[in-house]
Structures are given as C-alpha cells and as structure tokens.
There are 2 protein chains.
Amino acid sequence: MKSLLNKIDGMLKEKKFSQVKNILSQENPADICALFEELFGDDFDERAEFIILFRLLPKDLAAEVFAHMKSDMHKHLISMFTDKELREILDESFIDDTVDVIEEMPANVVARILKNSTTAERKAINQILNYPKDSAGSIMTIEYVSLHKDMTVSEAFEKIRKVGVNKETIYTCYVTENRKLIGVVTVKDLFMADEDDKISDIMETHIISVDTHEDKEIVGHMFGKYDFLSLPVVDREKRLVGIVTFDDAMDVIQEENTEDVEKLAAITPNEESYFKTGVFGHAKHRIVWLLVLMVSATLTQIIITKYENALQAVPTLLAFLPMIMDTGGNSGAQSSTLIIRGMALNEIHFFDFFRVVFKEFRISILVSAILAVVNGVRIYLMYDQNILLAATISLSIVFTIIVSKLIGAMLPMLAKKVHLDPAIMATPLITTLVDSCSILIYFNIAVAILHI
Amino acid sequence: MKSLLNKIDGMLKEKKFSQVKNILSQENPADICALFEELFGDDFDERAEFIILFRLLPKDLAAEVFAHMKSDMHKHLISMFTDKELREILDESFIDDTVDVIEEMPANVVARILKNSTTAERKAINQILNYPKDSAGSIMTIEYVSLHKDMTVSEAFEKIRKVGVNKETIYTCYVTENRKLIGVVTVKDLFMADEDDKISDIMETHIISVDTHEDKEIVGHMFGKYDFLSLPVVDREKRLVGIVTFDDAMDVIQEENTEDVEKLAAITPNEESYFKTGVFGHAKHRIVWLLVLMVSATLTQIIITKYENALQAVPTLLAFLPMIMDTGGNSGAQSSTLIIRGMALNEIHFFDFFRVVFKEFRISILVSAILAVVNGVRIYLMYDQNILLAATISLSIVFTIIVSKLIGAMLPMLAKKVHLDPAIMATPLITTLVDSCSILIYFNIAVAILHI
C-alpha cells in the first residue's frame, strides 16, 4: 500500500497520467478509495489532482470507487461533475448505493442527482427512501434476477446472461408469480440440474424472507444465522420488492456493534467514523450521559453526607471507599455487558430471566469469596492486624459484588422487556444504583461491626 | 418458530415420525438446530427422541444441521453414531466444519473421527489443524474450484458442474499453475464471457490473498473492506492452499466484537456463549481483572490517607468525591472506547497519535466547561451560596475530565504500539490512573482554594 502510494505520488508530480491510469485500473475499488484518502487527506477539495485521477478511472471502476467514498468526497465530486459525468456514474451504480449517497446530500445536490436519473431509477430511489430509517427496505436493492417457474434451467441461464451484468448478485435468483415470491433457486442448484429441468421442480419453496419494515438489526442476525448471500425483502402481501446482499448485512453488523460499544461507554451512538466527526459532534455525543451521570451522583452525595459522623469517627474507612465503589462498578459492568451482548446476539431472552439471575448469584458468591479473602488478609497485615477493619472491608466486598452483579444482570433484561434499549438504559442506571448500594452497604456494615 | 415447536412436540408425543420427517426436511438447517435446542434444552443427552429426530433427517441436511450444533451436542451424537453413520456425516461435511468439530473433542473422539475419514480427508484435516490458532489457515477450507488458464469458458462450466456439489463455494473459481495462484474468475465473469473465451483472457490477475499465518482478525477486516464471497489463502511460495468463505469471516467478525466488548468490561475473553459457560468458567473469566483492579486500588487508598487532614477540616469535600471519580472514569472510558473501536475497525492508526490527542483535548475543554458550569451553579444554590466550594468542584471537574480523556486516548494507542492488546491493557491501567489522578486533582485544588 505504502509503496503504491509513493509510486502514484511520484507519477502525479511528473504528470505521467497514462501510467497512473494503467496502474489504477488494475486495483481493487476499495484500495483505490483508500489510496485517494491517503493521497489527499482532508484537502481533497483543494487538490486538482483528485478529480483528475478520478476522471482517469474506467467508468465502471469509477462508479465502484465512488460507492466506497465518504459523504464529503461525494459532495465535492458531484459539484465538479458535468451532468453527463453524473449520469454515467449513476448509470453504473447500484440503486442502493445511490440511495446511500442521496441520504447524505443537501437538497440541491439531491435534486441534481434525481434530475440526472432515468424515470425508472427515480421511481426506485423514491421507493427505498420512503421506507423507515434502519428498516430492511431502506438498505435493500431492487437489482435482483427474477425467474419464472415455467422456465427451463437453460432458459434461466440465458436470462442471467442477459440481465446479470446490472444485478448486484446473480447467485441467488428469485422466482415470482404476479410479483409474489414463490421460490428461490441458486446458481449452484441450476448447475447441478439438467438443462431441461423446470425451475418449479428445482426451486426451494420454503422461503426465508423479511418484511420491508423489519429492523435492519434483525436482518443482520439472519445473515449470521443462515449464511445467505442475499435475503429477499417482501411487502405485507408477500410481493418481492428487493433483496439485501451479504455485504450490506456485514456493514449493518459492524454498525450495530459499534453502536452497542458506544452505548456501553455512555456515548450517544454516532454513525460517522472518529475522524469524520468534528470536535463539536464528539462533544455533543458525550455530554448527555456525562451530565445525567453527574447529576444522578447527587444521590451518592446525599448518602455520604448522612454518614459524615461515622467517617469522622473512623477516618481510615474513607481510604477504602474508592476501592469498594470501583469493585462494585466493575462487577456490575461485567454482568451487564455479558447480558447485553448475549441479548444482542440473540442468545439470551427474557424467559431466561431467573436462570440468568441464579447463575449470576452463584458466580458472585464464588468471585466475592476469593476477593474478600485476598483483601481481608492484605488489610489485616497492612493495618496492624486490625481484624475488625479487615472483616468490615471483606464483608462489604462480598455484599457489594453480589448486589452489583444482580443489578447488572437484571436491569438490562428488564429494560428490554419494557422496550427500552438495554445498552443505553443500563449504563446510567446501573452506575448510579451500584454506587449508591456500595456506599450504603459499606457504611452500614462499618457502623454495625465497628460500633460507631 | 413457537408454533412449529409445538407442532413437532405434539407429533413426537403421538410418535408420528414420518410426519415429523416431512416437516423437518423442508426447514433450514440453522432453524432445525435451534429447534433441537428449544425442544430438548440441556437434557438432550437423556432424551431418546433427540437421536431419533436426527436420524430422520436426509443425510445432506443432517450434515448441515450437525455443523450448526454446539460442541456438547456433537460429543453426544458422535458417541451414539455407528461407524457407518459417522462416515456418512463426515462425507457430507465440509472439511473446515469437521476441523471445527475436532478442535472441541477429546482425544478418543478425535481418533474415531480420523479413523472414519478417507486418507485425503485425514491429510486435509491434519494440514488445517497444524496452522496456528486464530490464523487464516486454521479457518480456511480446501474445498474450492480450481481452473486451468487454458480452459475455455464452457470447459470451466463443465468442471464446475462436475465438482461443484462438494465445494463450499463455486461462485469464485481460482486459476492455478503448478499449484501457484495466478488468477481469479467469478461465475458472473464466466456468464458475461463467450463460451469459447479462454480463462486466461478473462481472469483477474491482480489477486488479493492472505498468507496462511495471517491473523483471522485481519481476514475479517478484508471481507469488510472488499465485499468478497471468498478469499484465497496462500503459503509463502504463493501456492494456493485453501479459501476462507464469507460466512466464516462473518463468524470471525462477531467473535472479535464479542471479545473486544468483554475486554472493555474487564472480562478475560471467552469463546463459549453465556449459557454454555458454567459458573466456575464465568468466575474464572471475571476474577482476574477484579483482583488486579482491587489490588491496584491500593494507590487511591494511599493517596486518600495522605489527605485525611484536609477531609477532617472540610468534611463536605467528601460528599463530592464519588461524583468526581465517576465523571473522570466515564470521560476516560468514552475516549478509550472510541479509540479502541477505531483501531479495531482500522480507522485509527498510531501515526494519528497527535491528531487524536489534540482532538480529545479540544473535546474535553468543551465538555468539561459545560459540566463545570452546570455543577457550579447547582452547588452554589444547594450549599448556601458557597462560591469557594462551587469553584473547587467546578475546577476539579474541568481538570479531571481533561486528564481522563487524555489518558483514555493515549494509553490504548501506546499499548498497541508496544504490541499489547489495547482493549485489555486499557481497562485496568486507565481505571487506576484516572481514579488516582481525579483524587489528586480534587484534593490539591481544594487545599489551594479553601486554604486548608
């Protein structure tokens, strides 16, 4: 990659454009896009070579490279395109990629794109744009191969040859009758059949499909489960309206994973990448939960104020407060993270509630016993063999871990049950609850054991 | 799903096995496997119907269902199989799935599997088993379609028809010469070409491949980037030894994501699902970091002991300690999580170090200013207009957030630079450092402003 970068950079400086053209036409579109990003960085809109290089690409490759680019490059290129160039790119692009571009463009650019599309393209674009955000319909493409049940295998091959070049995938074909999806046949099935076999005899009629309004997260799960190359999308009357291909499903899976990780770290989900998001954007996505968590810490503040006398009596107690709170927080986060991930992967359901809670209870007993012993011995040795202090800390650890793990296990499941996002709900509530419980447990045990 | 479950359950009770067989042969293997898990739960090894149902499946479907199962079901079924049954399942299975099964079985079961494999299968299994864990070689399959460069398109079609049924994918074919990979041609390319075209004329010679020893995480990235159906795996001499298919790559992506999420929550990564892991297993995966974090909290303990006098002088200070520590922890976790995720997705590299640090610095100024104002006003109003206390808390928040975000941004990148796992290193170090810094900042500012 680096050597290619230097080579191209050198040729550009010497204006050896035809050599650059030869090299680029050999490369994979994803690599060319990465090359552009490396080569021009954030100044692509001020570098004349960017559009020159792009224009050097063969039309079909240019469209593929275009599909890989980020929205700010799209905006810049479209503003530089003549209407003819824009039409050529749109012509070579798949509808779902065009829709992705449109969704990120301001109104005047959208108008220009639609003006330069054919009537059929415009209709398809509008159809996809009309499905709810994050639905199966919004990520599908309409470019699939449809067959008729009375076709023979060799007629099917002929049709694939004729229409295939413009289809996003040809390897799974869909059999329709009055627009209803009645069968699925793969190119592998076609190869294994005789030339004169009827499609109706070899097609799979037990069809797995999704509704246009299904959440795209569910679509991602289905690809993970079934290992499909593409999944048909049907409307309420079971009419085939499009397909989702595995590459788009993979993008959805990665997006959902990033979202979940962000939510667990108290960040409002952000679809753009780290560098594409500005300082204000980042601040906006982080401030909400920091504010909520800060204000909810008023609870711990009130609790501590109540026990000020105990702390004045035995100042040493204070030294262990951060450790007990952190241990509680970490234990709770371990449980909630595993439960939230398990639910995201469809491995844990609400009917497992008591099974999960009982399991976490047993785990917390085991874990807390070990931590309590280690810590008890440590404090006994460090603090002049003060057995009461050691007992206070160890008992506090045991109860804090048990309570934190139970809260961490139950809250995400309850949140999902009442249709709240477990990852979002879990973070602030668990932190606040676990902190408050830890402090309460600690001070109450201290008051009881140390007779303050 | 539920209705199918009830239907099958009813039929089983009435011993209507042939009806069950008809229904199951229509279903998708992933669904049948899920059905078995629902139907028999953890008692599958005590329920005679489990093996009866499995034996009802047509051989090819049985092998696919088998591939979807978890290791304890594999172990039970293999112990129930006759040698003939085992041979039939192995015969219908893809080599990479067989290797997955073998990797989880005890030695005596492995011996039985190898005994019932053909010599060629045994050789392939041993080859894959010899690659390092988590390498491209360990997840590849050897069942690909290879073509010769002098073949015509119609000869290629003929070969695909002949050998395709046993190949995991036929849609991307690999052109080899003396076992070296010299070209790639897709079935779509073949369809779009003329029957008499030579393979050498239509094949793609700019080949993207991985080395057998490449980390499977990189393989996952490449699928995400290039949208391939399969990726060729070559040895050091560029000889083709196998392919990785997109479904296995998708599994790798999900596994890596789960691992990263677990590491962020201070859990040692665990490849088994939540319920498949026993109480002792869970405890083992969680205790390590809880212990490390607990012991490293000795640092906060020492710091607090040093400032005991200040706290005795102004007891109110104590009430805000948890809030300041939590705000620091949350701010640090936001930054470290985004950076770790960005590096996992290959969007952030070490050469971005100063760019990231500067960006996080600016974000932290913005975020901390808002939090400081909100909190300052709150404390001013709640604590009898004590402006000095409000100033202490607000200033502490500003510095705590700035320092936490910088630690959260720098540590994961530095960890990766010295080849430590950023997700694992980040958690304990960041927690301990951020906690200690928060307390130090808070007490020093308090001592300075309140003249204690």
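The values are calculated or read from the model by the stated rules, or taken from the named source; none is laboratory data. Worth saying up front: this structure is predicted, and the values here are computed from it rather than measured. So basically every Cβ, Gly included, is an ideal-geometry build from the backbone, and we count neighbours across all protein chains shown. Ligands, DNA and RNA are excluded from the accessible area calculation, which covers all protein heavy atoms including side chains. Shrake-Rupley method; radii C 1.70, N 1.55, O 1.52, S 1.80 Å.
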Of residues in the range A:327-344 being under 30 Å from residue A:301 (Cβ atoms) and at the interface with chain B (Cβ under 7 Å from one of its Cβ atoms), the one surrounded by the most Cβ atoms within 10 Å (Cβ to Cβ): A:331
Which of (1) in the same structural domain as residue B:417 (by TED's automatic domain parsing); (2) modelled with pLDDT of 90 or more is the odd one out, the single condition residue B:287 does not satisfy? (1)
Check B:93, B:135 and return the single one that is at pLDDT 90 or above, hydroxyl-bearing (Ser, Thr, Tyr) and not assigned by TED's automatic domain parsing to the domain that holds residue B:179. B:135
Evaluation of residue B:265 against (1) within 20 Å of the chain's Cα centre (by Cα); (2) under 18 Å from residue A:435 (Cα atoms); (3) modelled with pLDDT of 85 or more (one fails), failing number: (3)
Residue ID - surrounded by the most Cβ atoms within 10 Å (Cβ to Cβ), chosen from residues in the range B:271-302 that are part of a loop (DSSP other than H, G, I, E, B) and touching a helix residue (DSSP H, G or I) at 6+ places or on another chain (Cβ under 8 Å): B:297
Given (1) facing another protein chain (nearest Cβ under 7 Å); (2) within 17 Å of residue B:217 (Cα to Cα); (3) open to solvent by 50 Å² or more (accessible area, probe 1.4 Å), where does residue B:305 come up short, assuming only one miss? (2)
Counting only residues that are hydroxyl-bearing (Ser, Thr, Tyr), away from chain B (no Cβ under 11 Å) and buried (at least 19 other Cβ atoms within 10 Å of the Cβ), the range A:161-192 contains a total of 1
Working carefully through the options A:158, A:195, find the one that is within 14 Å of chain B (Cβ to nearest Cβ) and either part of a strand (DSSP E or B) or touching a residue at least 12 places away in the same chain (Cβ under 8 Å) (or both). A:195
Quick check: anything in the range B:137-146 in contact with a helix residue (DSSP H, G or I) (Cβ under 7 Å, 6 or more places away or on another chain) and of a type in the set (Phe, Trp, Tyr)? no
If you scan the range A:268-294, which residues turn out to be facing chain B (nearest Cβ under 8 Å) and among the aliphatic types (A, V, I, L, M)? A:279, A:283, A:287, A:290, A:291, A:293, A:294
I'd like to verify a number: residues in the range A:206-254 that are touching a Gly at 6+ places or on another chain (Cβ under 7 Å), assigned to a strand (DSSP E or B) and within 12 Å of another protein chain (Cβ to nearest Cβ), how many? 0
Of everything in the range B:345-380, what is away from chain A (no Cβ under 12 Å) and open to solvent by 50 Å² or more (accessible area, probe 1.4 Å)? Give them in sequence order. B:350, B:354, B:380
Can you tell me how many residues within the range A:130-158 are open to solvent by 10 Å² or more (accessible area, probe 1.4 Å) and small (Gly, Ala, Ser)? 3
It is to be established whether one or more residues within the range B:258-270 are in contact (Cβ under 8 Å) with a residue 12 or more places away in the chain, basic (Lys, Arg) and either in the same structural domain as residue B:44 (by TED's automatic domain parsing) or open to solvent by less than 10 Å² (accessible area, probe 1.4 Å) (or both). no
Condition met for residue A:324 (at pLDDT 85 or above, more than 7 Å from chain B (Cβ to nearest Cβ), at negative phi and open to solvent by 20 Å² or more (accessible area, probe 1.4 Å)): no
Filter the range B:308-321 for residues that are open to solvent by 20 Å² or more (accessible area, probe 1.4 Å) and within 7 Å of chain A (Cβ to nearest Cβ); which is nearest to residue B:395 (Cα to Cα)? B:315
Starting from residues that are open to solvent by less than 40 Å² (accessible area, probe 1.4 Å), in a helix (DSSP H, G or I) and closer than 22 Å to residue B:10 by Cα, keep the ones in the range B:41-61 and report whichever is farthest from the other protein chains (Cβ to nearest Cβ). B:51
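Pick out the one residue from B:265, B:297 that is among the small types (Gly, Ala, Ser), within 30 Å of residue B:37 (Cα to Cα) and at the interface with another protein chain (Cβ under 7 Å from one of its Cβ atoms).
Step by step, each of B:265, B:297 is checked, and only B:265 is among the small types (Gly, Ala, Ser), within 30 Å of residue B:37 (Cα to Cα) and at the interface with another protein chain (Cβ under 7 Å from one of its Cβ atoms).
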If you take the residues of the range A:384-401 that are open to solvent by 50 Å² or more (accessible area, probe 1.4 Å) and in contact (Cβ under 8 Å) with a residue 24 or more places away in the chain, which of them is farthest from residue B:277 (Cα to Cα)? A:388
Can you tell me which residue among A:226, A:274 is without any contact (Cβ under 8 Å) to a residue 24 or more places away in the chain and more than 27 Å from residue A:70 (Cβ to Cβ)? A:226
Being open to solvent by 40 Å² or more (accessible area, probe 1.4 Å) and either on the phi > 0 side of the Ramachandran plot or not assigned by TED's automatic domain parsing to the domain that holds residue A:212 (or both) narrows it down to one of A:80, A:105, so name that one. A:80
How many of the residues in the range B:12-40 are farther than 22 Å from residue A:204 by Cβ, in a helix (DSSP H, G or I) and open to solvent by 30 Å² or more (accessible area, probe 1.4 Å)? 4
Has the range B:13-23 got at least one residue that is within 14 Å of chain A (Cβ to nearest Cβ) and polar (S, T, N, Q)? yes
